[in-house]
Structures are given as structure tokens and as C-alpha cells.
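Asker: Pasting in a structure now, in C-alpha cells, and then I'll have a few things to ask.
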Amino acid sequence: MPELSRRPYLLRAMLDWIVDCGYAPHLIVDATSDAVQVPRQFVKEGRIVLNISASATQSFQIGAAAVEFSARFSGVSHRIRVPVEFVLGIYARETGQGMVFTEEAGQVPGDANTSSGGEEDPPEATTPAPERP
């Protein structure tokens, strides 16, 4: 049996953490594939950032194969479908804290590489310096 992708599980866990902290979760998506269904006019440099908070989406779900929901862009409703392999990361808008996925196809299972689901800053986001006691 082929190994299941960890990405949907990690996405759900990070989404829960971000929401529990009271922050607005955002996805960073590689929109270069036709398999990614997003409004193309909002794609910049092959990427799109999607607000996935409950107030910004309808019928939101993270399945084993894709993240799917409906959202409004400039007042127009769009059905969004992002295969999980095209989700580059998830982060909290307010803090920039989250997880960036850099796992490549063909990576050796069980590799201790922390970039395959480790926490990193999202592109162009800053994480506040830790407080000192």
C-alpha cells in the first residue's frame, strides 16, 4: 500500500492551531498548474495567497487529495480547488507563523529533513522575535 501524504494532516493541524489562536489562516498556493482552480487574475508570479478563515469561505474542506471551498473575489463567488501537492504553506496573517512545505516528489520516506513539514516563515512574512522572560 502506498504511503499516504502527510500534507493534508499537517494542514488540518496547523489550521486548527491558527484558528484556536484567534488568527486568520492563509494558504500559499503554487498556481502554475491547470489542476489548481483559482481566479487567475489574482495570481502573481505563479502564486496566490488565499484567506481560508471561516468568514472568508463557504463549504471549506481539506480532503486527502485537495483543499476545496467557495470564496468571493472582488464580489464574485468562485469555487476553489487546490490539490494538496500545490499547497506551499499555511500561516497566520497576523504573525506570519506557520508551516511551509518543501517536500519534493521522490524524497526518501522517513528522511529527517525538517523542511518536509517543519515550521518556517512564509515567503515575505516576518515572525516576531521571541519574548524574553
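The values are calculated or read from the model by the stated rules, or taken from the named source; none is laboratory data. Computed from a predicted structure; not experimentally measured. When we count neighbours, we look across all protein chains shown, and the Cβ atoms used for this are built from the backbone with ideal geometry, even at glycine. These area figures cover heavy atoms from the full protein model, side chains too; ligands, DNA and RNA do not enter into them. Shrake-Rupley method; radii C 1.70, N 1.55, O 1.52, S 1.80 Å.
Asker: So which GluC sites (Glu not before Pro) in the range 1-97 end up in coil per DSSP with only 11 or fewer other C-beta atoms within 10 Å?
Answerer: When the GluC sites (Glu not before Pro) of the range 1-97 are filtered for loop state and at most 11 Cβ neighbours within 10 Å, 3, 45 remain.
Asker: Using a 1.4 angstrom probe on the protein heavy atoms only, could you order 14, 1 from most to least accessible area?
Answerer: Correct descending sequence by accessible area is 1, 14.
Asker: Once you sort the root eigenvalues of the Cα gyration tensor of the range 18-74 as a ≥ b ≥ c, which label holds: rounded (a/c under 1.5), prolate (a/b larger than b/c) or oblate (the other case)?
Answerer: The shape class here is prolate.
Asker: Something else: So which chymotrypsin sites (Phe, Trp or Tyr not before Pro) in the range 1-81 pass both tests, a DSSP loop state and at most 12 other Cβ atoms within 10 Å of the Cβ?
Answerer: Sites meeting the loop and neighbour criteria: none at all.
Asker: Using Cα centres only, tell me the gap between the range 1-38 and the range 44-61 in whole Å.
Answerer: 10 Å
Asker: Right, next: Determine the share of the range 1-54's accessible area contributed by carbon and sulfur atoms, expressed in whole percent, with a 1.4 angstrom probe.
Answerer: On the range 1-54, the fraction of accessible area on carbon and sulfur atoms equals 54 percent.
Asker: Can you tell me the FRET efficiency between residue 56 and residue 3 if r is taken as the Cβ-Cβ distance and R0 is 35 Å, rounded to the nearest 0.05?
Answerer: The pair residue 56/residue 3 has a calculated efficiency of 0.60.
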